[in-house]
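Asks: Just passing along the structure, written as structure tokens.
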Amino acid sequence: MLPVTGMTSAPETGDAAESPNLDLAELGRAALDTSYVSLGSRRTASVHEFYRYPARFSPTLARAVIEAFSQPGDLVLDPFVGGGTTLVEAQLAGRRAVGADISSLAVFVSQTKTHLYSSGACSLVRAWARDVLGLRLDASPAAAPSLGSTEARGLATPSAWRLRRFIGLCLDSIRRLPDPSASLLARAALLRASQWALDMREQVPSVSGLRETLAATASAMADAAESHRQAVRAVAVGGGYRPKVLCRDATALAPEDVVVGATTPALILTSPPYPGVYVNYHRWKIMGRKETGAPFWIADCPDGHGLAHYTMGARADHSGDRYFRTVLEAWSSIAGLVQSGAVVVQVIGFANPGEQLSRYLATMDAAGFTEERLPQLSNAPDGRLWRGIPGRRWWVVSDGRAQSASSTGREAVLVHRKR
Ligand SMILES: C[S@@+](CC[C@H](N)C(=O)[O-])C[C@H]1O[C@@H](n2cnc3c(N)ncnc32)[C@H](O)[C@@H]1O
């Protein structure tokens with residue numbers, strides 16, 4: 001691992017001052033990159049676009065952090081892996097990687113992005129995409145697929161119900177594919193196209209709109225999967241790694257989860273849930289307000305938890321006590337799994353940065369991590385790197401009321417080191 005260069009830290013960490021070569025300018029530029037977060041396309045040219053995971057961070061930033069703070073062959077851990085951005089960039093940079101998340105949907109999405117699909121599997125998915133164009137609701141039994149209550153919620157209007165039947169037909173055809181890797185990629189394409197059709201839209205498209213989008217998306221995703229496999233295999237040192245992805249609560253990660261061979265993580269790159277901010281990681285929002293668990297149905301993942309499970313707190317947690325208790329437990333558990341000197345880089349937003357940033361930093365300190373401050377940023381208002389996300393407003397509870405807040409359009413990039 002590269003020494004963490006040009007940083008100041010509490011005196012007991014000692015070794016930071018020796019290090020001369022961290023390219024902070026590059027890191028700063030990367031922190032400001034929002035191109036991926038604001039991406040609007042429904043097609044896909046890179047595996048990063050296989051799913052629009054809420055609050056995903058920028059691949060450019062992930063790559064700059066990985067290159068600055070680790071070496072090829074090192075192990076990178078993301079204990080709140082979400083849509084798998086860290087894992088994809090670690091894989092492309094020749095680093096071994098482990099990702100974990102409490103959400104089975106996040107695990108599915110991260111697996112679909114980092115799997116190395118064979119040419120045969122990609123060809124099968126292209127052929128399946130052509131077959132999809134021939135799938136007709138009127139030629140199929142009228143019965144809708146049976147769904148659990150959370151999946152079905154929000155899909156009861158006539159237009160959404162027709163899409164639900166079409167998605168059910170596609171799932172049947174995916175189950176008949178002869179290669180498990182092809183099934184994984186086809187299911188990922190159905191998830192992506194269904195997200196386009198259902199999530200955050202006032203009006204849902206027609207069945208033929210979804211059918212055409214699915215066929216184009218699946219074929220583009222097969223191309224992206226082939227390019228990704230070739231790029232990963234071509235990496236000179238550490239080429240061909242396949243990250244490990246686990247469904248785990250970060251408060252209870254075990255050594256056997258994160259240690260690969262005899263190697264412990266040199267770098268933790270992550271983005272935990274944000275204090276006081278309510279992001280619907282686990283639901284799609286249909287026609288303005290109705291929520292559906294359809295992504296779990298399509299991905300064939302266990303569902304059944306509420307918002308509080310994925311955000312370390314409920315809307316009722318006004319004091320933030322539950323959030324800070326859980327995040328302390330998580331970071332203490334992670335601290336027990338890494339060596340002294342391991343670096344943590346995290347991207348995090350706050351409902352109320354004035355109060356919550358200092359509480360968060362105290363939590364990291366209590367868990368055994370010392371903040372590293374960058375002298376190059378001494379002119380910045382608080383000496384830290386902040387990034388703005390244009391147009392982002394998450395829900396927060398303020399004065400006892402839920403409201404969308406502009407404070408959530410800024411995120412800090414915090415750097416810590418294990419004592
Ligand atoms: C901000 S998102 C991560 C986004 C990710 N950096 C990306 O680029 O897609 C935070 C993630 O933390 C997960 N999470 C929440 N509580 C958790 C816990 N106790 N243990 C592990 N993961 C948790 C959520 O399910 C969510 O996927």
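The values are calculated or read from the model by the stated rules, or taken from the named source; none is laboratory data. Just so we're clear, the structure is a prediction, and the values are computed from it rather than from any experiment. Note that we place each Cβ from the backbone using ideal geometry, even for glycine, and neighbour counts take in every protein chain shown.
Asks: Yes or no: region 225-239 includes at least one residue that is in contact with a Ser or Thr (Cβ under 7 Å, 6 or more places away or on another chain) and within 30 Å of Tyr323 (Cα to Cα).
Replies: First, pick out the residues of region 225-239 that are in contact with a Ser or Thr (Cβ under 7 Å, 6 or more places away or on another chain): 226.
Cutting the leftovers down to within 30 Å of Tyr323 (Cα to Cα) gives us none.
No - not one qualifying residue is present in region 225-239.
Asks: Tell me, please, whether a residue that is more than 16 Å from Pro295 (Cβ to Cβ) and of a type in the set (Lys, Arg) can be found in region 179-193.
Replies: No - not one qualifying residue is present in region 179-193.
Asks: Same structure again: Within region 198-217, take every residue that is of a type in the set (Ser, Thr, Tyr) and in a helix (DSSP H, G or I) and give me the one that is nearest to the chain's Cα centre (by Cα).
Replies: Per the stated criteria, the residue is Thr217.
Asks: Something else: Taking Ser333 as the residue in question, decide whether it is under 23 Å from Met364 (Cβ atoms) and either of a type in the set (A, V, I, L, M) or within 11 Å of the ligand (Cβ to nearest atom) (or both). Outline the logic, then answer.
Replies: Details: under 23 Å from Met364 (Cβ atoms): yes; either of a type in the set (A, V, I, L, M) or within 11 Å of the ligand (Cβ to nearest atom) (or both): yes.
Yes: the conditions hold for Ser333.
Asks: From the list Leu246, Leu253, which one is within 12 Å of the ligand (Cβ to nearest atom), assigned by TED's automatic domain parsing to the domain that holds Gln356 and either under 28 Å from Gly120 (Cβ atoms) or aromatic (Phe, Trp, Tyr) (or both)?
Replies: After ruling out the rest, the residue left standing is Leu246.
Asks: Could you tell me whether any residue of region 225-248 is free of Cβ contacts under 8 Å to residues at least 60 places away in the same chain and buried (at least 20 other Cβ atoms within 10 Å of the Cβ)?
Replies: Within region 225-248, none of the residues are free of Cβ contacts under 8 Å to residues at least 60 places away in the same chain and buried (at least 20 other Cβ atoms within 10 Å of the Cβ).
Asks: Of these, Ala45, Ala90, which one is within 26 Å of Arg410 (Cα to Cα) and of a type outside the set (Val, Ile, Thr)?
Replies: Of Ala45, Ala90, the one residue that is within 26 Å of Arg410 (Cα to Cα) and of a type outside the set (Val, Ile, Thr) is Ala90.
Asks: Just one of Gln195, Gln111 is crowded, with 17+ Cβ neighbours inside 10 Å, at pLDDT 95 or above and not in a loop (DSSP other than H, G, I, E, B); which is it?
Replies: Within the list Gln195, Gln111, the selection yields Gln111.
Asks: Return the only residue of Val277, Val245 being closer than 29 Å to Ser118 by Cα and touching a strand residue (DSSP E or B) at 6+ places or on another chain (Cβ under 7 Å). Outline the logic, then answer.
Replies: Values: Val277 fails: closer than 29 Å to Ser118 by Cα.
None of the others qualify; the one that does is Val245.
Asks: Does Asp303 qualify as being within 19 Å of Gln111 (Cα to Cα) and assigned to a loop (DSSP other than H, G, I, E, B)? First the steps, then the outcome.
Replies: Numbers: within 19 Å of Gln111 (Cα to Cα): yes; assigned to a loop (DSSP other than H, G, I, E, B): yes.
So Asp303 fits the description; yes.
Asks: Looking only at region 292-317, which residues are surrounded by fewer than 18 Cβ atoms within 10 Å (Cβ to Cβ) and closer than 19 Å to Arg192 by Cβ?
Replies: Asp300
Asks: May I pose another question? Quick check: is even one residue across region 249-257 touching a Phe, Trp or Tyr at 6+ places or on another chain (Cβ under 9 Å), acidic (Asp, Glu) and not in a strand (DSSP E or B)?
Replies: Within region 249-257 (the criterion being touching a Phe, Trp or Tyr at 6+ places or on another chain (Cβ under 9 Å), acidic (Asp, Glu) and not in a strand (DSSP E or B)), the answer is no, since none of the residues qualifies.
Asks: Same structure, new question: Within the bounds of region 218-228, is there any residue that is aliphatic (A, V, I, L, M) and part of a loop (DSSP other than H, G, I, E, B)?
Replies: Pass one, region 218-228, residues aliphatic (A, V, I, L, M): 218, 220-222, 224-225.
With part of a loop (DSSP other than H, G, I, E, B) added as a condition, the list becomes none.
No, region 218-228 contains no residue that is aliphatic (A, V, I, L, M) and part of a loop (DSSP other than H, G, I, E, B).
Asks: Sticking with this one: Could you look through region 55-99, keep only residues that are among the aromatic types (Phe, Trp, Tyr) and within 14 Å of the ligand (Cβ to nearest atom), and pick out the one that is modelled with the highest pLDDT?
Replies: Looking at the filtered set, the residue picked out is Phe80.
Asks: May I pose another question? What's the total number of residues in region 300-328 that are more than 11 Å from the ligand (Cβ to nearest atom) and closer than 30 Å to Cys170 by Cβ?
Replies: Residues meeting the conditions: 6.
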